Amino acid sequence: MRAERVLVVTDEMEVGGSQRQIVHLLKGLKAQGRQAELLYFREPSYLLDQLHEAGVPVHRIGKRGAIDPVFLWRLWRFLREGQFQVVHAFSITAELWVRLLVPLVRGLRMVSSVRGLGLAGPDWHWRAKRWIVNGSAAVISNTRAGAELVARRCDVAVQGIQVIPNGLELPPPPHAAQRQQARVALGFDENAQILLFVGRLVAEKNLGLLLQAVLRMPEASRPLVLLAGDGPERASLVVEASRVGLSERVRFLGERSDTLRLMQAADVLVLPSREEGLSNVLLEAMGSGLPVVATAVGGSPELIDHEQTGLLIPSNDAGALASALGALFSSEALRNRLGAAAREHAEKRFALAAMVSGTALVYDGCVSKKAAHA
């Protein structure tokens, strides 16, 4: 039995990896002829424009404070009147509210998510997650590491968690002329060596480690570092870059909608995270043929085969990161080899269609189980 009416719910629609996957998923479900809609609570971004352009209905229910009875009533009424068969919650807060209300909406089945490892999460997070998982018709994780962690912390069978990697909308195969065109368009020196980070400027991304690593590189071979993104760590990173004498080498670009162009202009992408789910940025860089170096945390080892499709380094090791960056920037042949292999790997394992179809099959299974028990 097919799930024809699907609702995806998330707390925020800021620019982030999960939000990009939501956009891909909803557009893919619509292309399959399903009625797929989005509900979010706060933080809109340009990603909503992409859904509007694709004809995907978007709804917002605002929430005031930690406990908002009016919000709960409006959410319950929306779920009841929407006549959805499946509701897929993408964030812990969305999961909590949906889990609370799903038993009060006849015929509705909940799918919960494992999007990141949340290693620093408080104890209540794991108690809540266990309650959510036990009340879900299905659980989808985008990494094996995430599935194993949730199974262990929530005392559930890992076999009951479906692992569906993020999907990637691959750009056309890169060619050498694109790099020069992108650099000219962005105003960068055609001969500069460019290191790119794309993501939120938050503690988990450990960008202080990146500054330490660049500082360890010989001054003459330090790349131009582009930080594309924004977040609560920006002010402190600006101060730190100035303190260690890297202000001229580090550029804070803010939130960008042209990350593909930035990847075309860059020589290397770096992700120095302390923890990570399955990084969309890594996937996008690999799909763009851009060599990557990342810490071996979370789902990153599931994406990168060390020294074959990229470089992996130990977490929080500035020396190892400096060494990896030095190796990449000193060898164009190494960059070309790793970039080409990364592109091929992304094409084979992380196709967007596979993510959409795999997720849709989980929805269909939820509806079929409900029908069998009716």
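The values are calculated or read from the model by the stated rules, or taken from the named source; none is laboratory data. These numbers come from a predicted model, not from an experiment. Cβ coordinates were reconstructed from backbone atoms using ideal geometry, including for glycine residues, and neighbour counts include every protein chain displayed.
Structure notes:
- Identity of the residue in segment 117-135, under 22 Å from the mean Cα position of the chain (by Cα) and assigned to a loop (DSSP other than H, G, I, E, B), that ends up surrounded by the most Cβ atoms within 10 Å (Cβ to Cβ): LEU117
- Being crowded, with 18+ Cβ neighbours inside 10 Å and at negative phi is not true of VAL184.
- Where THR309 falls short, out of the listed (1) under 18 Å from the mean Cα position of the chain (by Cα); (2) more than 23 Å from ARG200 (Cβ to Cβ): (1)
- Selection count, segment 254-265, where residues are in a loop (DSSP other than H, G, I, E, B) and either of a type in the set (Ser, Thr, Tyr) or more than 23 Å from HIS24 (Cβ to Cβ) (or both): 1
Okay, residues lined up against (1) within 18 Å of ARG2 (Cβ to Cβ); (2) exposed (fewer than 15 other Cβ atoms within 10 Å of the Cβ):
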position: GLY326; (1), (2): no, no
position: GLY339; (1), (2): no, no
position: LYS348; (1), (2): no, yes
position: LYS369; (1), (2): yes, yes
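- Residue count for segment 287-305, restricted to those that are farther than 14 Å from ASP267 by Cα and assigned to a loop (DSSP other than H, G, I, E, B): 6
- Within segment 219-244, tally of residues that are without any contact (Cβ under 8 Å) to a residue 12 or more places away in the chain and not aliphatic (A, V, I, L, M): 4
- Strands (runs of 3 or more DSSP E) wholly inside segment 20-103 containing at least 1 residues that are surrounded by 14 or more Cβ atoms within 10 Å (Cβ to Cβ) and of a type in the set (Phe, Trp, Tyr): 35-42
- Segment 147-163, residues that are surrounded by 16 or more Cβ atoms within 10 Å (Cβ to Cβ) and either in the same structural domain as ARG335 (by TED's automatic domain parsing) or of a type in the set (S, T, N, Q) (or both): GLN162
- The combined condition, being touching a residue at least 12 places away in the same chain (Cβ under 8 Å), in contact with a Gly (Cβ under 8 Å, 6 or more places away or on another chain) and crowded, with 19+ Cβ neighbours inside 10 Å, is not fulfilled by SER300.
- For the residues SER242, SER247, SER300, the requirement of being outside the structural domain of GLU43 (by TED's automatic domain parsing), under 22 Å from the mean Cα position of the chain (by Cα) and either modelled with pLDDT under 95 or over 19 Å from SER330 (Cβ atoms) (or both) singles out SER300.
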